[in-house]
Amino acid sequence: MKFLIPYSRILILLALCALISFFSPHFLQTSNIINILRQAAILNILGVGMTIVIITGGIDLSNGAVLALSSCIAAILLKDAGLPMPIGIIAALIIGCCCGLINGAMVAKVAIPPFVITYAMMFFTRGLAFLFLQGKIIYGFTPEFRFIGTGYLFGVPMPIIISAMVTIIFIFIQKYTPFGSEIYAVGADEEASMLSGIRTKSVVIRVYILSGILSALAGIVYMSRLNASEPVIGEAFPLDAIAAVLIGGTPLSGGEGGVGGTVIGALVITIIINAMNLLGISSLLQTFVLGALIIIMISVQSHSRRLFSLPSIFSANRNGAGS
Amino acid sequence: MIPRYKMATFLVAIFMIFGLMLSVATDPVLAAGKYKMIFIVKSLDNPFWDRMRAGAEKAGKDLDIDIKTLAPIKPYNVEEQLRFMEDGITQKVDAICVVPADSKGIVPGIEKANKAGIPVVTPNSRAYGGKVATWTGAQNRDVGYDIAKYALGVLGGKGNVIILEGTPGNQTAIDRKKGFDDAIAEYPDIKVLASQTAKYSRVEGMRVMENLVQRFPKIDLVIACNDEMALGAVEALDAAGRLKETKITGFDANNDALKSISEGKMLATGDQRPDAQGYWGVVAAYCYLEGMPVPKDLYLPAPVIDQSNVKQHLK
């Protein structure tokens with residue numbers, strides 16, 4: 001059984017797909033698979049940012065609101081001010097970066113718990129988005145801008161390409177760069193990592209900045225896809241992203257897990273919603289079904305990890321220090 | 001290295017300044033009018049509420065009433081609305097206009113206002129309890145019926161239809177769907193392929209439609225409970241290259257939807273004139289305070305807008 005553990009997430013995904021395709025013949029059509037990948041792209045981009053934050057033992061509840069703020073400002077610059085596309089995109093990414101910087105600085109330098117500061121940040125940025133748009137919705141962008149969300153490159157939709165690139169870059173960072181291993185070290189035991197010469201505060205700040213930038217990137221893809229920008233978008237995203245991370249096998253306690261699993265987590269959530277639409281499950285039942293399935297997935301994940309994972313020095317340390 | 005506490009004070013100060021700027025920017029300065037009222041809408045996420053707010057504020061200006069419009073931060077959150085009502089009662093406002101985000105959930109607030117002797121008017125959506133002076137609005141069911149009837153007529157009474165429902169449990173969602181269902185029931189050759197919620201949101205409308213497009217190869221008409229979902233469906237069908245063969249109707253006559261109708265992307269929408277609902281709501285409260293009799297229900301007509309008359313409504 002043990003050799004199956006690294007693949008447990010993929011097995012869950014395959015089992016889910018098999019189950020759904022049994023009930024709906026439309027599920028495994030190529031067009032629907034592309035549809036699912038495209039819908040999962042944005043959640044995946046946010047999930048990647050959330051994963052690295054959670055690995056350091058933090059959490060980022062502000063990603064949906066940062067997404068809203070950066071996309072609203074990009075929309076104002078592109079549509080109302082008529083500026084060229086790169087300026088709008090860069091402005092959005094800078095805003096995401098700044099929000100992440102504030103989050104990270106508050107966590108690392110002022111020692112405010114991540115939950116608290118990112119929760120506050122969520123209201124702060126969402127409020128600014130409302131203020132900038134004054135309850136309006138900006139609608140209708142240029143075809144060039146819409147290419148980001150609706151275009152195809154070599155027959156593959158752009159959101160899927162962007163999301164895949166983000167995932168590959170972050171898997172690379174996580175596996176092959178010193179920063180990648182520092183993220184894990186900080187999450188496993190911050191004090192020990194500091195003593196061993198890691199600049200832990202800098203690591204934490206950089207992680208939140210990356211999460212902020214990814215939120216902004218997701219925001220751009222999002223508004224390009226939707227052809228509109230509104231201050232309320234992405235309200236449920238922080239929790240969706242956290243669910244994707246947890247289903248993907250990265251525990252909230254930090255120090256383990258990884259970006260690869262989150263991709264599967266994002267896919268699982270998107271597939272469940274897609275299947276409920278395809279199967280025509282009653283509107284009243286949908287939220288309940290989604291919640292119930294997420295609980296089951298996460299229980300399976302954490303149970304299998306506890307049963308089969310090898311005892312590691314890090315987790316032993318953390319348990320000792322945490323109690 | 002800046003000491004930690006200084007850093008903290010600095011950052012807190014920045015936040016406070018921003019907060020102050022926000023409150024100054026959003027809080028209209030109240031002049032002393034004859035009456036003081038609060039006007040509570042459901043959310044800020046839909047231009048519909050902005051139009052209603054504008055109507056209410058215009059009435060306030062015309063009748064010399066101080067009106068403070070309030071909206072929950074979390075859209076459609078009845079708890080926040082209750083808090084606004086309680087605050088209004090402690091501030092001893094003369095009347096409360098509230099658009100209940102939840103027809104049952106708002107009742108305790110109305111009862112409290114009744115106890116304090118403050119009249120309550122509910123524009124747009126009804127409350128299921130307490131003493132309400134007046135309800136003003138369009139009959140959601142009737143407008144829904146009119147829109148669906150019009151669209152089904154365009155189809156020639158034959159075809160495959162998808163309904164995008166509003167937020168489950170929401171009164172307007174239930175009434176509008178009832179209107180759709182009643183119209184559809186008159187056409188035996190209309191087949192309802194699916195009826196699913198997209199929670200009144202454009203994003204959800206797009207997502208649900210993207211998924212339904214996978215399952216149904218031929219969709220003739222999408223009837224949405226509001227414009228936001230309809231516009232999401234437009235994007236989804238456009239991306240699938242099926243916008244030409246599918247007609248879409250909305251509800252509310254938001255600017256984007258009107259634009260969409262004039263471009264031929266959407267078929268029709270219904271204009272409830274939220275500004276009129278807000279205006280009449282304030283007028284009703286005013287009349288009540290002046291000791292005049294007011295009707296229990298104040299129905300406002302709501303026309304169906306299609307390509308033939310969209311020009312008059314486009315701003």
Out of A:Val263, A:Val245, A:Val204, A:Val221, report the one residue that is more than 14 Å from every other protein chain (Cβ to nearest Cβ), over 12 Å from the mean Cα position of the chain (by Cα) and either crowded, with 24+ Cβ neighbours inside 10 Å or not in a loop (DSSP other than H, G, I, E, B) (or both).
-> A:Val204
What tally of residues in region A:186-198 results from selecting those that are surrounded by 12 or more Cβ atoms within 10 Å (Cβ to Cβ) and without any contact (Cβ under 8 Å) to a residue 60 or more places away in the chain?
-> 3
Checked A:Ile89, A:Ile95, A:Ile117 against criteria (within 13 Å of chain B (Cβ to nearest Cβ) and surrounded by 16 or more Cβ atoms within 10 Å (Cβ to Cβ)); the one match is A:Ile117
How many residues of region B:58-83 are free of Cβ contacts under 8 Å to residues at least 60 places away in the same chain and either among the acidic types (Asp, Glu) or within 14 Å of chain A (Cβ to nearest Cβ) (or both)? The answer is 13
How many residues of region B:192-207 are over 19 Å from B:Ser260 (Cα atoms), more than 10 Å from chain A (Cβ to nearest Cβ) and not β-branched (Val, Ile, Thr)? The answer is 0
Matching residues, region B:247-260, being more than 12 Å from chain A (Cβ to nearest Cβ) and either touching a Gly at 6+ places or on another chain (Cβ under 6 Å) or surrounded by fewer than 24 Cβ atoms within 10 Å (Cβ to Cβ) (or both) = B:Lys247, B:Phe251
If we scan region A:3-24, do we find a residue that is within 14 Å of another protein chain (Cβ to nearest Cβ), in contact with a strand residue (DSSP E or B) (Cβ under 6 Å, 6 or more places away or on another chain), surrounded by fewer than 24 Cβ atoms within 10 Å (Cβ to Cβ) and more than 21 Å from A:Met121 (Cα to Cα)?
-> no
Within region B:294-306, can one find any residue that is outside any loop (DSSP other than H, G, I, E, B), over 30 Å from B:Pro119 (Cβ atoms) and either at pLDDT 90 or above or not β-branched (Val, Ile, Thr) (or both)?
-> yes
From the options A:Ile59, A:Ile42, residue that is in contact with a helix residue (DSSP H, G or I) (Cβ under 6 Å, 6 or more places away or on another chain) and not in a helix (DSSP H, G or I) | A:Ile59
Among the residues of region B:79-119, the number that are of a type in the set (Val, Ile, Thr) and in a helix (DSSP H, G or I) is 4
Here the residues within region B:208-232 that are closer than 16 Å to B:Ser195 by Cβ, of a type in the set (D, E, K, R) and either at the interface with chain A (Cβ under 10 Å from one of its Cβ atoms) or in a helix (DSSP H, G or I) (or both) are B:Arg215
Got a sec? Which helices (runs of 4 or more DSSP H) wholly within region A:111-178 have at least 3 residues that are aromatic (Phe, Trp, Tyr)?
-> A:114-133, A:158-176
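The values are calculated or read from the model by the stated rules, or taken from the named source; none is laboratory data. Treat the numbers as computed from the prediction; the structure is a model and nothing was measured. All Cβ positions, even for glycine, are placed from backbone atoms using ideal geometry, and neighbour counts span all protein chains on display.
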